[in-house]
1. For segment 237-343, please list each of the helices (runs of 4 or more DSSP H) lying entirely inside it that holds at least 2 residues being charged (D, E, K, R) and at pLDDT 90 or above.
2. Take segment 1-24 and flag every residue that is under 16 Å from Ser101 (Cβ atoms) and part of a loop (DSSP other than H, G, I, E, B).
3. Answer yes or no: is there a residue in segment 353-364 that is within 19 Å of the chain's Cα centre (by Cα), in a helix (DSSP H, G or I) and of a type in the set (D, E, K, R).
4. Among the residues of segment 95-134, which ones are closer than 26 Å to Thr292 by Cα and of a type in the set (Val, Ile, Thr)?
Amino acid sequence: MNIKRFTGRDMRDAMRRVRETFGPDAVILETVREDDTVSISAAVDFDPAAYQAAQRPSDAEHAETAAPTETAAATPAAAPEVVELQAEVRALRSLMENQVSRLLWDDHARRHPESAAILRNLSQLGLTPDMAQRVMGDLPAQHADDAWSASLEHLVRHLDALEDDPVSTGGIYAVVGPTGAGKTTTIAKLAARHRLHGRAEDIALVTTDTYRIGAREQLETFGRIMGISVYVAPDADALGATLRALADKHLVLIDTAGMGQRDLRLARELACLTDTEQDIRVLLTLPANVQTESLQEIVDAFRIARPAGCILTKMDEATSLGGAFSVLIRAGLPLAYVANGQRVPEDLHFARSRQAWLVKAAVELMSGRSQPINDDYLAENFSEDLANVCA
């Protein structure tokens, strides 16, 4: 094991020297802070193959001391020792990497407290690390006293939204999304939003949901209350015929079957929307009350429907909005509407004028999080990119 000491102006400089000499497989053994320098003792990683070769007796020695049948038994005997040693080396490396990451983060927080505070707040907001770094990358190199406010303003700009209100412009819109995302209720809100300023005969509701018990009845109940006709289209041919018959309508809203993003029937159901000759625009309902990983999975699964926009539902049930922001920004998916309750249509809002309100709601939720972001999380996710963040 080759051990060497490296000295640098700070932790980043010393780590750069370690990487240049030993590469990414170096193991950090000791870190010493002095007045104006940082010293790191590092070593090239242990080589299990060399260890095994050194422990295995030579052919001549083995021939003298062991019968041929014993040779097969001797090699596996050393394997458990090597495996155990490899595990210990991996554990040691992981421990050292965590310690170095924490040292890098602590050094960054000491030298750039404003940047560290913003990264902490953006993480507390629920943004994924890549999105937090993206927002940070938009800020000036020299942060002002109101850097946190500036970062929130940049976040607002990143949240894209449709320019025109689909209800006002009209057309054919299919609302898609996973089970429980609130599609049928959202369609009722969209229809009621139209009825505030339009006529019942100018709008029609269509359901393709023949899987869920009571799906048709629920939509028909909404339609009866608002005086709007409801149609059923169980397949692509029926949907095409229905839409041709409704060509004179200003707005047609299609309620689709709610399916999980892993449901094998999903692609076939979405194909019904693309196999018709009519121009159907898709709006994806995205429930804000699920975890970020699930939101990303939903967006990826429904991407084949080429959604024109997103309706962020169940905001009133969410504990954090940063994850939803991260998924929308990463996918380049503009917001059409946001829904923050069950009232029809009061709790549905056109998103174009609501980006700042959304970010404000996220900040309010941030202050109520029971588990604050700790330094270990920040060190793990940001230490390697600190040089780029504050270059």
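1. Passing ranges, in order: 292-301.
2. Asp10, Pro24
3. Among the residues of segment 353-364, not one is within 19 Å of the chain's Cα centre (by Cα), in a helix (DSSP H, G or I) and of a type in the set (D, E, K, R), which makes the answer no.
4. Ile118, Thr128, listed by residue number.
The values are calculated or read from the model by the stated rules, or taken from the named source; none is laboratory data. Keep in mind that this is a model prediction, so the values were computed, not measured. Glycine also receives a Cβ, built like all others from the backbone with ideal geometry; neighbour counts cover every protein chain displayed.
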